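Below is one structure, written out as structure tokens; the observations come after it.
The values are calculated or read from the model by the stated rules, or taken from the named source; none is laboratory data. Keep in mind that what you see is a predicted model, and the values were worked out from it rather than measured. Here the Cβ is made from the backbone with ideal geometry for all residues, glycine too, and neighbour counts use every protein chain on show.
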Amino acid sequence: MTKQILVRADDLGYSRGVNYGIYDATHIGMIRNVGIMVNMPFTQHGWDLIKDVPDLSIGLHTDISNGRPITDPKLLPSITTPDGFFKHSKVYRSATEDFVDYAEVVMEIEAQYQALVALIGRKPDYFEGHAVVSENFVKGMKAVAAKHNVPFLDFAFDGSSVPFRGKKMKPIMSSVTDGDSYDAVEVIKNAAEYSLDHNDEIPMVILHCGYLDEYILTNSSLTRPRPKEVAAACDPDLIQWLKDKQIQLVKYSEL
């Protein structure tokens, strides 16, 4: 019986280096699910690189911790700095309570949704968020996704499965903690092996493919694993191994 795993790449638009990494991962490699950050200066550049790849599932990778908002930052005082940028992810992580104003974040999520539709010319195939620990952020994404009838993909910081269109998705994202010792090929193989033993879940490998440029080295805590994930996504031996194991690579739009 054919088993399924889903492998996606987040952060298109984050930087030119990230965009070129995702370009390779979609043109040469196995990636067929891409999450776009629409509020970054490099968003259009990233979309131009992948827009002609056939049969991609595109998601809104909602972002409230990098760059500037789509909305006037003066209207978003709870999530922006005085100079008009989003508060950094470490501010959210270190907070003792949820400081995100619900009405403000819904306004920005709606603006990002509309920006994505304008960019790609259609509704996204899924809707999720760049990891920020905030109940109001998650509630806001769920509300905007429901408003536009787009499937929402919930967070699972404890590694438990999340529902998506009637399926149970098992999130797998090791690169954030594994650092320099990270082996992206083994992560994907382990996800495939997990699928062989769990009939009721689809492993969902969340990659952050990219090459390292000055912007990423300056602004992201996730660096060395990014090019490792490009290499894994493009590894012909790994792609053949998945075929030999009869592991089907699926897209959100197929679920």
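List pairs: first in segment 175-203 and farther than 21 Å from Leu222 by Cβ, second at pLDDT below 90 and not in a helix (DSSP H, G or I), Cβ under 9 Å, 6+ apart or cross-chain?
Partner pairs satisfying both residue conditions: Asn199/Met1.
Cβ contacts < 9 Å: first residue free of Cβ contacts under 8 Å to residues at least 40 places away in the same chain, restricted to segment 63-83; second residue exposed (fewer than 13 other Cβ atoms within 10 Å of the Cβ) and of a type in the set (Asp, Glu), any location; separation 6+ or different chain. Result?
Note: pairs meeting the criteria are Pro73/Asp83.
When only residues in segment 1-47 that are in a loop (DSSP other than H, G, I, E, B) and modelled with pLDDT under 95 count, which is farthest from Lys228 (Cα to Cα)? Can you show your working first?
First, the residues of segment 1-47 that are in a loop (DSSP other than H, G, I, E, B): 1-2, 13-15, 28-32, 37-42.
Adding the requirement that they be modelled with pLDDT under 95 leaves 1-2.
Values: Met1: 31, Thr2: 27 Å.
That would be Met1.
Take Tyr252 and decide whether it is over 25 Å from Pro41 (Cα atoms), at pLDDT below 95 and not small (Gly, Ala, Ser). Even if it seems obvious, please write down each step before you answer.
On the way: over 25 Å from Pro41 (Cα atoms): yes; at pLDDT below 95: no; not small (Gly, Ala, Ser): yes.
No.
Taking into account only those residues within segment 238-252 that are among the β-branched types (Val, Ile, Thr) and under 20 Å from Asp183 (Cβ atoms), which is surrounded by the most Cβ atoms within 10 Å (Cβ to Cβ)? Can you show your working first?
Within segment 238-252, the subset among the β-branched types (Val, Ile, Thr) is 239, 247, 250.
Applying the additional criterion that residues be under 20 Å from Asp183 (Cβ atoms) yields 239, 247.
Numbers: Ile239: 17, Ile247: 21.
For segment 238-252, the residue satisfying everything is Ile247.
Conditions: (1) farther than 20 Å from Asn66 by Cβ; (2) buried (at least 19 other Cβ atoms within 10 Å of the Cβ). Met141 meets all but one. Number of the miss?
Going through the list (1) farther than 20 Å from Asn66 by Cβ; (2) buried (at least 19 other Cβ atoms within 10 Å of the Cβ), Met141 breaks only (1).
Does Leu116 satisfy being under 16 Å from Gly13 (Cα atoms), at pLDDT 95 or above, of a type in the set (A, V, I, L, M) and assigned to a strand (DSSP E or B)?
no
Could you please give the count of residues in segment 84-103 that are part of a helix (DSSP H, G or I), closer than 20 Å to Val144 by Cβ and out of contact with any helix residue (DSSP H, G or I) (no Cβ under 7 Å at 6 or more places or on another chain)? Lay out the reasoning, then the answer.
First pass over segment 84-103, keeping only residues part of a helix (DSSP H, G or I): 89-94, 102-103.
After this cut, where a residue has to be closer than 20 Å to Val144 by Cβ as well, the list is 92, 102-103.
Within this subset, residues satisfying the condition of being out of contact with any helix residue (DSSP H, G or I) (no Cβ under 7 Å at 6 or more places or on another chain) are 92, 103.
Residues meeting the conditions: 2.
Would you mention how many residues in segment 130-149 are in a loop (DSSP other than H, G, I, E, B) and at pLDDT 95 or above? Break it down stepwise before answering.
We begin by selecting, within segment 130-149, every residue in a loop (DSSP other than H, G, I, E, B); these are 130-134, 148-149.
When the remaining residues are screened for being at pLDDT 95 or above, the result is 148-149.
Residues that pass the stated criteria total 2.
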